[in-house]
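Engineer: Below is the structure I would like to discuss, written out as structure tokens.
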Amino acid sequence: MTTADFWIERWRSGQTGWHQPEGNAALRAFWPSLNIAPDARVLVPFCGKSPDLAWLHEQGHTVVGVELCADAIEQFLAEAGLDNATVSDVEQWRIYETDRLRLIAGDWFTVPTEVVGPIDAFYDRAALIACAPEQRQPYVAQINRLCGPDAKGLLVTLEHSGASGPPFSVPEALLRDLYEGDWQVALLDRRSVDNVPPALAELGPAYECAYRLERR
Ligand SMILES: C[S@@+](CC[C@H](N)C(=O)[O-])C[C@H]1O[C@@H](n2cnc3c(N)ncnc32)[C@H](O)[C@@H]1O
């Protein structure tokens with residue numbers, strides 16, 4: 001199990017090697033092809049302090065991020081110059097809100113629809129692959145519960161030869177097993193990447209894959 005303590009400690013000690021200061025290239029390349037309406041509400045699970053939140057916001061979307069570590073959200077807001085966010089507590093969730101941006105600090109696996117609000121699309125980069133094997137089905141169950149009936153998603157995964165993680169390898173067959181009951185899955189891109197932890201790079205090539213998901 002990849003516990004909350006593990007992630008809190010990674011943020012506390014600055015071990016955030018997954019963070020992409022320039023954002024994710026696959027998001028910028030493939031999001032437009034999903035034809036998501038500008039006024040859509042877009043869910044970003046396990047959002048960290050990714051600049052992808054700001055990019056999605058710039059497309060006109062209302063962006064709803066969920067992140068375990070409040071410090072990550074506060075770093076994002078500070079780095080984005082968003083010092084006007086209001087902060088409120090709803091039960092165990094701390095909600096940071098500013099124009100078309102709602103960032104929820106708390107546990108993804110239990111966050112209720114009333115806290116998240118309606119969702120038209122989702123973007124997952126390094127979220128499913130951050131889940132330990134026993135967390136994958138609960139993770140996808142939350143996606144299914146929170147996303148609306150016509151939702152679409154862009155999902156960016158990693159494939160590598162290692163058995164451990166995070167990041168865990170999520171090959172295409174596993175991804176289809178998890179999602180195809182409720183979503184149509186299309187592979188958009190598969191390319192080799194070298195920004196993986198050294199212990200994984202030693203085992204062989206790693207691939208970043210991008211998928212389009214549409215509710216059945
Ligand atoms: C590999 S990072 C990816 C962050 C971000 N998606 C990005 O691309 O930079 C995974 C993130 O998920 C967060 N996380 C892990 N478990 C979580 C949970 N149960 N609920 C919400 N966030 C969680 C961690 O704190 C961490 O910031």
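Each reported figure results from applying straightforward, stated rules to the coordinates on display, with no laboratory input. Bear in mind the structure is a predicted one, so any value in this text is a computation, not a measurement. A quick note on method: Cβ atoms are made from the backbone with ideal geometry, for glycine too, and the neighbour counts reach across all protein chains shown.
Engineer: On a full-extension model of 0.36 nm per residue, what is the gain between ASN195 and ASP5, subtracting their alpha-carbon distance, rounded to one decimal in nm?
Structural biologist: Here the segment from ASN195 to ASP5 would lengthen by 66.0 nm.
Engineer: Enumerate by residue number the GluC sites (Glu not before Pro) in the stretch 1-73 meeting two conditions: DSSP loop (anything except H, G, I, E, B), and at most 16 other Cβ atoms within 10 Å of the site's Cβ.
Structural biologist: Those that pass, being in a loop and sparsely packed, are GLU22.
Engineer: Sort LEU34, LEU203, LEU27, LEU155 so the one with the fewest other Cβ atoms within 10 Å of its own Cβ comes first.
Structural biologist: So the residues, fewest neighbours to most, are LEU203, LEU34, LEU27, LEU155.
Engineer: Using +1 at the Cβ of each Lys and Arg and -1 at the Cβ of each Asp and Glu in the chain, identify which of ILE143, ASN35, HIS57 lies farthest towards the dipole's positive end.
Structural biologist: Of the listed residues, the answer is ASN35.
Engineer: So, one more: If each of ARG100 and ALA186 carries a label point 7 Å out from its Cα toward its Cβ, how far apart are those two points in nm?
Structural biologist: It is 2.5 nm.
Engineer: Any chance you could check the Cα centroid distance between the stretch 40-113 and the stretch 1-26 for me, in angstrom?
Structural biologist: Each part's Cα centre sits 15 Å from the other's.
Engineer: Hey, another quick one. Based on C-alpha coordinates, I'd like the Rg and Dmax of the stretch 107-196, in Å.
Structural biologist: For the stretch 107-196, the Cα radius of gyration and maximum Cα-Cα distance read 13.4, 40 Å.
Engineer: Follow-up. From the helices alone, meaning DSSP H stretches of at least four residues, give me the mean residue ellipticity at 222 nm for the chain, per-run term -39500 (n - 2.57), in deg cm²/dmol to the nearest 500.
Structural biologist: Calculated at 222 nm, the ellipticity per residue is -7500 deg cm²/dmol.
Engineer: Which net charge results when you count Lys and Arg as +1 and Asp and Glu as -1 among the other residues whose beta-carbon is under 10 Å from that of THR157?
Structural biologist: Net of charged neighbours comes to -2.
Engineer: Shifting gears a bit: Given Cβ point charges of +1 (Lys, Arg) and -1 (Asp, Glu) and nothing else, what value in debye, to the nearest 20, does the dipole of the stretch 97-216 about its Cα centre take?
Structural biologist: Value, rounded to 20: 180 debye.
Engineer: Counting alpha carbon pairs within less than 8 Å and at least 6 residues apart, what relative contact order, in whole percent, applies to the chain?
Structural biologist: Taking the mean separation of contacting Cα pairs over the length of the chain, I get 18 percent.
Engineer: Here's something else I'd like to know. In a GNM of the chain with a 10 Å cut-off on Cα contacts, which of LEU175, LEU68, LEU53 has the highest mean-square fluctuation?
Structural biologist: Greatest mean-square fluctuation among the candidates belongs to LEU175.
Engineer: Okay, moving on. Under the rule a/c < 1.5 gives rounded, and otherwise a/b versus b/c splits prolate from oblate, where does the chain land using the Cα gyration tensor?
Structural biologist: rounded
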